[in-house]
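Written out below as structure tokens is the structure these notes cover.
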Amino acid sequence: MKNNRFVYTILTPVFICLLVFKVLPILIGFGISLFDYNPLMEENTFVGFDNFKALLGDEVFLASLKNTVVFVVVTVTLNVTFSLLIAQFISMMRSNKMRSLMRAIFFMPVVAPLAASSMVWKSMYANKYGLFNNILNFFGLPGQNWLGDKNWVMPAIILFSIWADIGYNIIIFSAGIDGIPGEFTEAAAIDGAGPFRRFFSVTLPLLARTTAFIIPMTLISHFQMFAQFEIMTRSAGSTAGGPNNSGMVLTLEIYKEAFKYKNMGYASAIAVVLFAVIMIVTVVSRRTNRVDWEY
């Protein structure tokens, strides 16, 4: 009985904070989505699910939903793949100092503020004096309008997002690889398995728990990315989103509707849709990557 009281005493503040700062805002956001809510108006009309119905005919919302899905699928796939390969490459280094140095180098972009990094990369994407166009010109190739061409906006942001976020997963994968007992790889090597065979037949299966953690966490993180879209797709005298809304995503659409147009009810409806998408994708990801073994 005393142990139960101690547990309740410790957990009660945690559950209160969870309720106040997590559950309650979600419920309030859903409630606001049922109103034509504007904080500058004295009266806010209850409209039920009209905001959600309006989303089906909103071309900007549909474009942002499509762009968000494309961005997340491509970025998460490349992020997880490259971070795993880089982590494996780092683990093969014999020097502990070199491994630590490489991990620190790849993790540095994660520590840097995303807004500041976005500004730096935006200058690198500049048409005339940008680093990327200078490299293309050096090899005799024509420069590209990276952030002004609808065909290049999303690839440019995807490249930046991978650079800015890949270091975190490299550290997690490195920890997972270091946690694999050495006798497994040694046994495979004795049996004649080469580096590639050991990676795909031993290392990769034994990283299932690590991968099951990384994939949903990376999905959630990338669905909520905002700063690079706001900064890199905004040009002088215009709003963010890129040409023909080619760089518009759900988080940016929520921001515009809520804080530019003061249409809080409509923005909350978009936020509810984003929450539902993240919830569904996360549940599916967790179920498909379920691991029930130990070593």
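Taking the stated definitions as given, is G31 at pLDDT below 95 and on the phi > 0 side of the Ramachandran plot?
no
Any idea which of (1) charged (D, E, K, R); (2) outside any helix (DSSP H, G or I); (3) at pLDDT 90 or above is the one D149 doesn't satisfy?
Result: D149 passes all but (3).
Criterion first (over 30 Å from L252 (Cβ atoms), in a helix (DSSP H, G or I) and without any contact (Cβ under 8 Å) to a residue 40 or more places away in the chain) does R197 satisfy it?
yes
Restricting segment 14-64 to residues that are part of a helix (DSSP H, G or I) and of a type in the set (S, T, N, Q), which is nearest to I270 (Cα to Cα)?
It comes out as N51.
Could you say which residue among R197, R290, R286 is within 20 Å of the chain's Cα centre (by Cα) and surrounded by fewer than 17 Cβ atoms within 10 Å (Cβ to Cβ)?
One residue alone meets the criteria, R286.
Of the residues that sit in segment 229-240 and are surrounded by fewer than 24 Cβ atoms within 10 Å (Cβ to Cβ) and under 15 Å from W152 (Cβ atoms), which one is modelled with the highest pLDDT?
Selected residue: M232.
What pairs can you find where one residue is in segment 21-36 and over 12 Å from F275 (Cα atoms), the other is loosely packed, with under 14 Cβ neighbours inside 10 Å and β-branched (V, I, T), and their Cβ atoms are less than 8 Å apart, with a gap of 6+ or different chains?
F35/T45; D36/T45
Just to be sure, is I190 in contact (Cβ under 8 Å) with a residue 60 or more places away in the chain and either surrounded by 15 or more Cβ atoms within 10 Å (Cβ to Cβ) or of a type outside the set (D, E) (or both)?
No: the conditions fail for I190.
Counting only residues that are charged (D, E, K, R) and either within 21 Å of the chain's Cα centre (by Cα) or surrounded by 13 or more Cβ atoms within 10 Å (Cβ to Cβ) (or both), which one in segment 28-70 is nearest to N169 (Cα to Cα)?
My answer is K66.
Taking only segment 113-126 into account, find how many residues are in contact (Cβ under 8 Å) with a residue 40 or more places away in the chain and loosely packed, with under 12 Cβ neighbours inside 10 Å.
0
So, in segment 219-246, how many residues would count as being touching a residue at least 60 places away in the same chain (Cβ under 8 Å), within 15 Å of the chain's Cα centre (by Cα) and assigned to a loop (DSSP other than H, G, I, E, B)?
Counting residues in segment 219-246 that are touching a residue at least 60 places away in the same chain (Cβ under 8 Å), within 15 Å of the chain's Cα centre (by Cα) and assigned to a loop (DSSP other than H, G, I, E, B) gives 1.
Evaluate segment 169-191: report whether one residue or more is of a type in the set (S, T, Y), at pLDDT 90 or above, part of a helix (DSSP H, G or I) and closer than 27 Å to M217 by Cβ.
For segment 169-191, residues of a type in the set (S, T, Y), at pLDDT 90 or above, part of a helix (DSSP H, G or I) and closer than 27 Å to M217 by Cβ: present.
Residues are listed down the side, and each one gets a yes or a no for (1) under 16 Å from the mean Cα position of the chain (by Cα); (2) closer than 24 Å to T211 by Cβ; (3) among the β-branched types (V, I, T):
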residue	(1), (2), (3)
V72	yes, yes, yes
N79	yes, yes, no
I90	no, yes, yes
K97	no, no, no
R103	no, yes, no
V110	yes, yes, yes
L114	yes, no, no
M119	no, no, no
M124	no, no, no
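Pull up segment 261-289, narrow it to residues that are of a type in the set (G, A, S) and either in contact with a Ser or Thr (Cβ under 7 Å, 6 or more places away or on another chain) or not in a helix (DSSP H, G or I) (or both), then point me to the one that is nearest to V23 (Cα to Cα).
Out of the qualifying residues, it is S268.
Can L85 be described as free of Cβ contacts under 8 Å to residues at least 12 places away in the same chain, of a type in the set (A, V, I, L, M) and surrounded by 11 or more Cβ atoms within 10 Å (Cβ to Cβ)?
So L85 passes the test.
The values are calculated or read from the model by the stated rules, or taken from the named source; none is laboratory data. Small disclaimer: the values here were computed from a predicted structure and weren't measured. Cβ: placed from backbone, ideal geometry, glycine included. Neighbour counts: every protein chain shown.
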